[in-house]
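The values are calculated or read from the model by the stated rules, or taken from the named source; none is laboratory data. This is a predicted model, so every value here is computed, not measured. Virtual Cβ from ideal backbone geometry, glycine too; neighbours counted across all protein chains shown.
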Amino acid sequence: MTSPRDFDPSAGSATSAALVDEVAPLIELRGVRASYGRIEVLHGVDLVVPHGEVVALLGPNGAGKTTTLSVITGQHQPSSGCVHVAGRHVNGADPAALARAGLCTIPEGRGVFRNLTVRDNLRMASMTGVPESDVVERAVARFPRLGERINQVAGTMSGGEQQMLAMARGLATDPGVLLIDELSMGLAPLIVAELYEIVAGIAREGVSILVVEQFARTVLGVADRAVIMQHGTVVATGTPAEIEAELSAAYLGAST
């Protein structure tokens with residue numbers, strides 16, 4: 001593996017030749033520790049997201065999943081360890097710079113502008129420099145249902161449709177890495193299955209995807225590999241089949 005270089009926010013998108021290291025994973029955490037005040041919540045986390053793969057980050061509430069996501073996106077600084085994006089050392093990088101470089105986050109709760117129409121929500125993505133017509137065209141092509149709702153106020157749509165809108169808006173920036181936090185939250189199982197099929201299709205297009213999920217079974221059907229966290233520590237890593245036996249122990253017997 002090549003040695004990581006320092007992050008240069010002027011280098012452009014993570015999908016560009018200027019930033020992508022063809023050998024290094026898109027995301028790599030090495031020995032990452034993070035704290036809230038005096039309380040350490042991540043205890044030496046190692047995590048790898050290779051090119052074009054779906055990686056599921058699993059674990060019960062309080063496992064450290066969302067903090068890990070916050071560290072990757074620059075919203076929470078690690079107390080020690082290294083965070084690499086496309087072979088670049090990004091500790092201390094500004095979250096906005098990381099987003100411009102190709103990290104796209106779909107937050108828990110979908111994060112759409114509920115009082116705006118679907119079209120106006122998509123228009124917000126054009127502020128990154130992508131023409132509005134292209135944003136809308138890509139969104140409707142990937143999520144035909146949004147085309148049917150293009151002039152509808154986003155807050156009046158179903159939860160699944162709002163999730164599609166959040167994903168469409170994020171993908172309009174042509175990210176190299178898509179980070180999804182609790183995609184299944186509050187959605188019916190059939191809708192969740194549909195959304196994860198879309199996630200798998202996005203990965204086939206070459207986008208690396210890290211999905212944070214509490215409910216493991218909803219994502220393992222499309223994941224290339226999975227990482228189980230418990231109490232701020234990675235306790236298992238492997239293919240979905242390889243980590244199957246670890247799930248019950250990780251969730252303390254809870255239904256997954």
| task | Give the residue that is surrounded by the most Cβ atoms within 10 Å (Cβ to Cβ), with candidates limited to residues of the range 49-69 that are small (G, A, S) and under 13 Å from the mean Cα position of the chain (by Cα). | result | A56
| Can you pull out the residues in the range 35-67 that are charged (D, E, K, R) and closer than 20 Å to A216 by Cα? | D46, E53, K65
| query | Among the listed residues E132, E194, E213, which satisfies the condition of being touching a Ser or Thr at 6+ places or on another chain (Cβ under 8 Å) and either basic (K, R) or under 20 Å from A56 (Cα atoms) (or both)? | reply | E213
| field | Which listed residue, of M185, M164, is in contact (Cβ under 8 Å) with a residue 12 or more places away in the chain, in a loop (DSSP other than H, G, I, E, B), of a type outside the set (S, T, N, Q) and over 19 Å from T73 (Cα atoms) | value | M185
| request: Spot the failing condition for A141; the list is (1) touching a residue at least 40 places away in the same chain (Cβ under 8 Å); (2) more than 29 Å from I243 (Cα to Cα), and only one is missed. | output: (1)
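Condition check ((1) closer than 23 Å to T68 by Cβ; (2) modelled with pLDDT of 95 or more; (3) surrounded by 17 or more Cβ atoms within 10 Å (Cβ to Cβ); (4) hydrophobic (A, V, I, L, M, F, W, C)) across all residues:
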{"position": "D134", "(1), (2), (3), (4)": "no, no, no, no"}
{"position": "L190", "(1), (2), (3), (4)": "no, no, no, yes"}
{"position": "E197", "(1), (2), (3), (4)": "no, no, no, no"}
{"position": "G201", "(1), (2), (3), (4)": "no, no, no, no"}
{"position": "S208", "(1), (2), (3), (4)": "yes, no, yes, no"}
| task | Pull up the range 22-33, narrow it to residues that are assigned to a loop (DSSP other than H, G, I, E, B) and of a type in the set (A, V, I, L, M), then point me to the one that is surrounded by the fewest Cβ atoms within 10 Å (Cβ to Cβ). | result | V23
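Mind listing whichever residues of the range 231-242 are buried (at least 20 other Cβ atoms within 10 Å of the Cβ) and either of a type in the set (S, T, N, Q) or at negative phi (or both)?
V234 - this is the single residue of the range 231-242 that is buried (at least 20 other Cβ atoms within 10 Å of the Cβ) and either of a type in the set (S, T, N, Q) or at negative phi (or both).
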| task | Could you tell me which of the residues G111, G129 is surrounded by fewer than 21 Cβ atoms within 10 Å (Cβ to Cβ), out of contact with any Asp or Glu (no Cβ under 8 Å at 6 or more places or on another chain) and more than 29 Å from R217 (Cβ to Cβ)? | result | G129
| request: Can you tell me which residue within the range 70-89, out of those that are surrounded by fewer than 21 Cβ atoms within 10 Å (Cβ to Cβ) and within 30 Å of A245 (Cβ to Cβ), is modelled with the lowest pLDDT? | output: S70
